[in-house]
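The structure under discussion is supplied below as structure tokens; questions concerning it will follow.
The values are calculated or read from the model by the stated rules, or taken from the named source; none is laboratory data. Here the structure is a predicted model, which is why all the values come from computation and not from measurement. A quick note on method: Cβ atoms are made from the backbone with ideal geometry, for glycine too, and the neighbour counts reach across all protein chains shown.
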């Protein structure tokens, strides 16, 4: 018979070791599909590592990938902390990107120090509104936010498509459904010459640190933690659960929207319906691997980005489907879930015997 | 006038029932899981896995019903993963479900790409044919609308009845309804909470996978990336709308199918005035509206989302 | 029932259950230490002990929820031979004819009583359910025992007493030969408890063995044949009820002289809170009040007696600032309250002790210090520009831990590590340290051991002495009669006028709790009959 006994206080080894172990196991498990696909396994791992870290260029690509993942990871982390199940980061990301394009592609112009904050604020506001709606439905009417945010992802994508064929269409795009480019003064400058990595990375890192301080040190962070851990007790003590939830929605949606801004203004330069290869969903994995810690999100986003960039490059080299990356990321999520269980419980195997 | 013409056409109802079929499978699967107290957000991925596995089995020569069986087994496999994580381990049903969706989707895509690395247009199979039942299929209106559907649609309709019977008429259904309300009531009577919940999630997930299989083996004849397109999530919304009852699930799915069929026809009438995306958004918007309408009086199974550990009272 | 058919005097002496040397440890804690206990057919045994004495652990071992570290459980088979019960197998206990009625009922509320009873008794994979045989057998059982209840009602529509009857029927339907009841009277009126005892005596006469787990002596003296006393996990005494001495057993249970809290006379002052004709209609009796008038005065403890689920929750929600009245007014110090909000209430001198201290009283993963400061983090004392002042928060916690004797590893330990009694002390420290003018104490001592209980009473009386008004909602009549100055009874959302405690007769109170009797007299000014006068 197997029994689980709660641990009173897991040590730091478990807290930090388990996510690392989960990520490692997920990577090792990838050997099974690689073998079934008939790929040379050792070589494949080598190609993945060199694809993510082998050169300045590949590392820059990895960091470019990590940028939106840090932001969507933070979006999921803060929402899940408050038990607001925001699965809609993908839609919020697109709304943020669209708002950035709407104000940043020539409607207004100014110096960079004006235009960059303008697109950021527009995008964050759009993302925040996208989540505040479902949150109000949850707190006022009891409508489950999981399903509404999930469905909104599909609605937003269709809406973006519609706008790209209509109001936001670039007349110079030769019929491709894409927006006019972000003007130079609103574009995020690159961090390195001839590389794609841009200041969005710095913004994401600053966001993570700021969010960590906010959650740990401020009154609002205190209230978010209380609501997330025990909403009934928080309500009883006089904390407004509705207001806290809306604050969390604004932060979470805003961060996801910022990811969209960073992608259009930093990486892509224009909006198209293939802007995000699922950054919103991957953000959930990033947050869970980080055990919802904002600083941890940085590390886990780097891991997930390396997997994606490494697997892409490996798949180009030896012809294994790049869906392997999604597979590794999904397995990492399930492994870290099980790992989280092992940090909270001790497992005992008792021999079943009639004691004398 | 034209609207009435649309609604009275047998072809309209034929389409409505066809669109409803995968949703019937999905809602039945979801409601079995939720009645036992487990939310299964793996549904979207399980649809994908069912669609891919069923199609691929047929493509490899398994026969259509062989494909249905393979799809059900694939669904049951992913359901088992979700069940183990959420029932004995008591992990977050939300996160585990999303994880299963990501896993099932990526594994299906990876397998498909690995098996068919270089195809540009997806290979086709010979799907289920419309039934031709003597006499019944020749009836006016209903013959075309109902009795000329494929065997999988008939299976879905039979399963509505079977699920209802099991839930409300058998000792097993009694135990499932009890375990979703208060697991301790089941344990105190000597039944296994874990056994019932894991069983319900596995069976429910198999049904979800049939919804996916219907798409590749009956509605269409090939597998495409992104073909599930949120149908699984729609089923989760419809389950709430159906207040966890098989009969209402059927009605909800049919209403949904009718609306979807209607908007497609409306699009051909007034499509010139509105962008096509407006119509494509309709199913999702409708699902959200359905949730809002029933939210106030939704009577969620009381133990839904609440983990339960052995020896706990 | 088969055992009813074979009733005879000698079989009633037959040994049915024997626990020998049962020991159970949880880490360093010895919950049960070498306990021996026997029960015979037709015998009612009372298992007495404080909260935490090990009664529930022992019964969980018997019922297969826990596995004992040492010792054996043997049960007489239906043929009379003693057989060892398989440890850790609830099904084995059920098969051996052991039925348990838990304090928290194990009923699925969405099903009918009948469905709950037959659940698990039929082979699970069958195409149909057979309810007619069950109905016939239950009809017989109900007629023979007096356990009458409408079995076709969904359980959520039944009263607590009726649910308990379903629980007992559940066990009898499975041919239980030993029935274990955990604190069966905790939720009943005195009259309901009497009728339960009558039923149990009737059942025992047919050969059923009964174990009643209780922490109150008076009630089990009336019904049991034999008493076993547990303390600190060990059996410290066993005797026939006829030989039992009230005082010595009480000391046996507690292990020392119990400090009794006594009110000292004190003249009540001005009204602190006045509810005038307050109605809250939430459709469900648990959460509704109908035209309620309540006044609590300075230096006075107003007890609210009642069986759980009669509107106490609505009253508590209202005074805690979590709900507002549909009609009627609430005045605090003569001022009409317009903003019903928990934060405002807490900041305006209302101390709120929640009914469910684990669920509403603390955030388990946050620290002891954070839990003590939780109501006040927005006040300038604990934050500057939104940034928390952790030093101030920790300092307050250190004081509170010392003053209220909260046993914990320190202010930075997560609150979930605390025991129930210490959580209650933490809550008292949180709310009483601010010298509140009004205290809402909702079931403040439920589930606590005697020491913690008397600590709670001492604190409440101290606050009363200091001039606070206390509204004490309790299901424990002893508690109410000991420390309240006035008692009002709540039933089905109605509250009687308050009556001075010294003039109250216990059985009369029971009738009022059952709604069979209303207060005879409206004593001088404790109620406001016309809301217009106070507005």
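Listed residues B:237, B:261; which is crowded, with 23+ Cβ neighbours inside 10 Å, over 17 Å from the mean Cα position of the chain (by Cα), in a helix (DSSP H, G or I) and away from chain C (no Cβ under 14 Å)?
B:261
Answer yes if at least one residue in segment A:39-55 is under 30 Å from residue A:131 (Cα atoms), crowded, with 24+ Cβ neighbours inside 10 Å and away from chain B (no Cβ under 13 Å), and no otherwise.
No: zero hits.
Then there's this: Could you tell me whether residue A:328 is in a helix (DSSP H, G or I), within 12 Å of chain B (Cβ to nearest Cβ) and within 21 Å of residue A:91 (Cα to Cα)?
No, not satisfied.
Out of all the residues in segment A:306-323, is one or more modelled with pLDDT under 90, at the interface with another protein chain (Cβ under 8 Å from one of its Cβ atoms) and touching a strand residue (DSSP E or B) at 6+ places or on another chain (Cβ under 7 Å)?
Within segment A:306-323, not a single residue is modelled with pLDDT under 90, at the interface with another protein chain (Cβ under 8 Å from one of its Cβ atoms) and touching a strand residue (DSSP E or B) at 6+ places or on another chain (Cβ under 7 Å).
Please enumerate the residues belonging to segment C:232-272 that are modelled with pLDDT of 90 or more and crowded, with 18+ Cβ neighbours inside 10 Å.
C:235, C:271, C:272
So, one more: Which of the helices (runs of 4 or more DSSP H) found entirely inside segment C:1-115 contain at least 2 residues meeting this: at pLDDT below 85?
In segment C:1-115, C:2-5, C:90-95 are the helices (runs of 4 or more DSSP H) which contain 2 or more residues that are at pLDDT below 85.
Scan (1) farther than 30 Å from residue B:6 by Cβ; (2) surrounded by 15 or more Cβ atoms within 10 Å (Cβ to Cβ); (3) at pLDDT below 95; (4) in contact with a helix residue (DSSP H, G or I) (Cβ under 7 Å, 6 or more places away or on another chain) for the single condition residue B:131 breaks and write down its number.
(1) is the only condition that residue B:131 fails.
Among B:38, B:95, which is in contact (Cβ under 8 Å) with a residue 60 or more places away in the chain and in contact with a helix residue (DSSP H, G or I) (Cβ under 9 Å, 6 or more places away or on another chain)?
One residue alone meets the criteria, B:38.
Quickly run through segment B:185-198 and pick out the residues that are in a helix (DSSP H, G or I) and over 23 Å from residue B:79 (Cα atoms).
Across segment B:185-198, the qualifying residues are B:185, B:188.
Starting from segment C:219-236, keep only residues that are closer than 10 Å to residue C:47 by Cα, then list their pairs with residues that are outside any strand (DSSP E or B) and at pLDDT 90 or above whose Cβ atoms are within a distance under 6 Å, requiring at least 6 positions of separation or different chains.
Pairs that qualify, where the first residue is closer than 10 Å to residue C:47 by Cα and the partner is outside any strand (DSSP E or B) and at pLDDT 90 or above: there are none.
Name, by its number, the condition in (1) more than 22 Å from the chain's Cα centre (by Cα); (2) in contact (Cβ under 8 Å) with a residue 60 or more places away in the chain; (3) under 24 Å from residue B:42 (Cβ atoms) that does not hold for residue A:155.
Single failed check for residue A:155: (1).
Based on this model, can you work out whether residue A:232 counts as within 14 Å of chain C (Cβ to nearest Cβ) and more than 25 Å from the chain's Cα centre (by Cα)?
Judged against the criteria, residue A:232 is a match.
Inside segment B:203-223, can you point out the residues that are away from chain A (no Cβ under 14 Å) and not in a helix (DSSP H, G or I)?
B:220, B:221, B:222 - these are the residues of segment B:203-223 that are away from chain A (no Cβ under 14 Å) and not in a helix (DSSP H, G or I).
Can you name the residue in segment C:310-333 that is touching a helix residue (DSSP H, G or I) at 6+ places or on another chain (Cβ under 8 Å), more than 12 Å from chain A (Cβ to nearest Cβ) and on the phi > 0 side of the Ramachandran plot and, of all such residues, is surrounded by the most Cβ atoms within 10 Å (Cβ to Cβ)?
For segment C:310-333, the residue satisfying everything is C:311.
Can you find a residue in segment C:383-391 that is away from chain A (no Cβ under 14 Å), in a helix (DSSP H, G or I) and exposed (fewer than 14 other Cβ atoms within 10 Å of the Cβ)?
no
Surrounded by 19 or more Cβ atoms within 10 Å (Cβ to Cβ), within 14 Å of chain B (Cβ to nearest Cβ) and part of a helix (DSSP H, G or I) - does that describe any residue in segment C:186-197?
No, the conditions are met nowhere in segment C:186-197.
When segment C:198-231 is examined, which residues are found to be part of a helix (DSSP H, G or I), crowded, with 16+ Cβ neighbours inside 10 Å, out of contact with any helix residue (DSSP H, G or I) (no Cβ under 7 Å at 6 or more places or on another chain) and at pLDDT below 90?
C:220
Now a separate question. Identify the single condition in (1) more than 11 Å from chain B (Cβ to nearest Cβ); (2) closer than 23 Å to residue B:176 by Cβ; (3) surrounded by fewer than 17 Cβ atoms within 10 Å (Cβ to Cβ) that residue C:128 does not satisfy, given that it satisfies every other one.
Only one criterion in (1) more than 11 Å from chain B (Cβ to nearest Cβ); (2) closer than 23 Å to residue B:176 by Cβ; (3) surrounded by fewer than 17 Cβ atoms within 10 Å (Cβ to Cβ) is unmet by residue C:128, namely (1).
Before we move on, is residue B:169 at the interface with chain C (Cβ under 7 Å from one of its Cβ atoms) and surrounded by fewer than 18 Cβ atoms within 10 Å (Cβ to Cβ)?
Answer is yes for this residue.
If only one of C:343, C:359 is under 23 Å from the mean Cα position of the chain (by Cα), assigned to a helix (DSSP H, G or I) and at the interface with chain A (Cβ under 7 Å from one of its Cβ atoms), which one is it?
So the residue among C:343, C:359 that is under 23 Å from the mean Cα position of the chain (by Cα), assigned to a helix (DSSP H, G or I) and at the interface with chain A (Cβ under 7 Å from one of its Cβ atoms) is C:359.
Out of the residues in segment A:148-167 meeting the condition of being surrounded by 23 or more Cβ atoms within 10 Å (Cβ to Cβ) and more than 17 Å from residue A:278 (Cα to Cα), tell me which one is farthest from the other protein chains (Cβ to nearest Cβ).
This residue is A:164.
Let me ask another. Given the conditions (1) in a loop (DSSP other than H, G, I, E, B); (2) under 30 Å from residue C:193 (Cα atoms), and given that residue C:378 satisfies all but one, which numbered condition is not satisfied?
Only one criterion in (1) in a loop (DSSP other than H, G, I, E, B); (2) under 30 Å from residue C:193 (Cα atoms) is unmet by residue C:378, namely (2).
On to the next question. With the condition kept exactly as written, say whether any residue in segment B:92-113 is surrounded by fewer than 19 Cβ atoms within 10 Å (Cβ to Cβ) and within 30 Å of residue A:6 (Cβ to Cβ).
Yes, the conditions are met somewhere in segment B:92-113.
Ok, one more. Given the options C:272, C:307, name the one that is more than 14 Å from every other protein chain (Cβ to nearest Cβ) and in a strand (DSSP E or B).
Checking each option against the conditions leaves just C:272.
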